[in-house]
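The values are calculated or read from the model by the stated rules, or taken from the named source; none is laboratory data. The shown structure was predicted, so the numbers you read here are calculated from the model rather than taken from an experiment. Positions of Cβ are generated from backbone atoms using ideal geometry, with glycine treated the same way; all protein chains shown enter the neighbour counts.
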Amino acid sequence: MSQLTSDQLAHVFRGVDPNVPVPLFDERASAVRHAGDMLVNHFDGSFVTLIDKCNGSAQTLMEEVLAHFPTFRDEATYHGQRVYLYKRVQILVADLWACFNCTGLGRFDDIDTLTMFADYRVPQALVHLGLLIYSPSLNETLARGDTLLRNGDEREVEIRAASIWAVERVRRKMVELVAQGDDPAAVKAASELKSTPLNAVMLDFYIWDYAKARQEEMHEVPIHRTRSVYY
């Protein structure tokens with residue numbers, strides 16, 4: 001990874017149309033090369049070494065990744081307060097957990113400590129479902145489609161942070177309904193889920209799939225547009 005040329009990386013990142021340039025190519029190339037250097041110099045050239053070091057802890061793995069790979073440090077300052085969104089590092093852990101079926105390299109005993117992965121598509125679905133409501137001025141700005149929100153812009157941070165909290169509130173309500181046992185729909189769902197974890201990771205996976213399957217239905221809900229390596 002550390003020795004990949006720009007041509008090789010351009011081939012890896014190529015899209016369907018070869019004439020369309022890769023967005024933020026220089027930043028992506030730098031991140032890949034730096035990741036390669038870190039793996040070689042600190043983890044015997046293998047990400048597996050890093051995973052093994054964390055002993056099944058999602059939080060420890062995220063801390064290690066954030067310490068060694070700066071392009072995962074998805075942070076912003078909001079009204080003087082530091083905000084930690086950490087979309088990519090959390091989805092890195094979640095993808096390992098899902099791909100390895102919660103075992104082996106994907107076993108994380110504290111997977112329930114993750115939040116949803118705040119990007120642009122899930123907020124759109126949350127607005128569509130009535131779980132988020134944009135102010136008229138924000139909705140008008142986004143609907144025009146000509147405004148690129150700077151990464152760290154107050155509006156971008158609000159959309160992403162509100163999405164995290166909205167999904168967490170949904171998760172808590174679902175847990176409450178299942179525990180009460182007096183909601184037939186919740187009881188039926190719990191029976192069907194059986195041992196499936198009810199956490200923010202699973203909710204994010206579901207909402208993302210929901211959003212992708214209903215793009216035409218949700219076209220009236222504008223998405224925020226931000227150029228960033230953190231999504």
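Some points to look at:
- Test result for Cys54, of a type outside the set (Ser, Thr, Tyr), surrounded by fewer than 19 Cβ atoms within 10 Å (Cβ to Cβ), in the same structural domain as Arg160 (by the TED database) and out of contact with any Asp or Glu (no Cβ under 8 Å at 6 or more places or on another chain): no
- Of the residues in region 130-140, none is within 30 Å of Ser30 (Cα to Cα) and small (Gly, Ala, Ser).
- Candidate set from region 1-28 (those that are in a helix (DSSP H, G or I) and in contact with a helix residue (DSSP H, G or I) (Cβ under 8 Å, 6 or more places away or on another chain)); member that is surrounded by the most Cβ atoms within 10 Å (Cβ to Cβ): Leu9
- Pair list, Cβ under 8 Å, 6 or more apart: region 134-147 residue part of a loop (DSSP other than H, G, I, E, B), other residue loosely packed, with under 13 Cβ neighbours inside 10 Å: none
- Test: residue in region 81-96 that is more than 22 Å from His34 (Cβ to Cβ), at pLDDT 95 or above and among the small types (Gly, Ala, Ser): yes
- Of the helices (runs of 4 or more DSSP H) lying entirely inside region 29-112, those containing at least 3 residues that are in contact (Cβ under 8 Å) with a residue 60 or more places away in the chain are 87-99.
- The condition of being among the β-branched types (Val, Ile, Thr), surrounded by 13 or more Cβ atoms within 10 Å (Cβ to Cβ) and within 21 Å of the chain's Cα centre (by Cα) does not hold for Thr77.
- Residue list for region 139-162, restricted to those being over 20 Å from Val83 (Cα atoms) and either buried (at least 17 other Cβ atoms within 10 Å of the Cβ) or of a type in the set (Ser, Thr, Tyr) (or both): Thr141, Leu142, Thr147
- Scanning region 178-228 for residues that are β-branched (Val, Ile, Thr), crowded, with 16+ Cβ neighbours inside 10 Å and either modelled with pLDDT of 95 or more or not in a helix (DSSP H, G or I) (or both) yields a total of 5.
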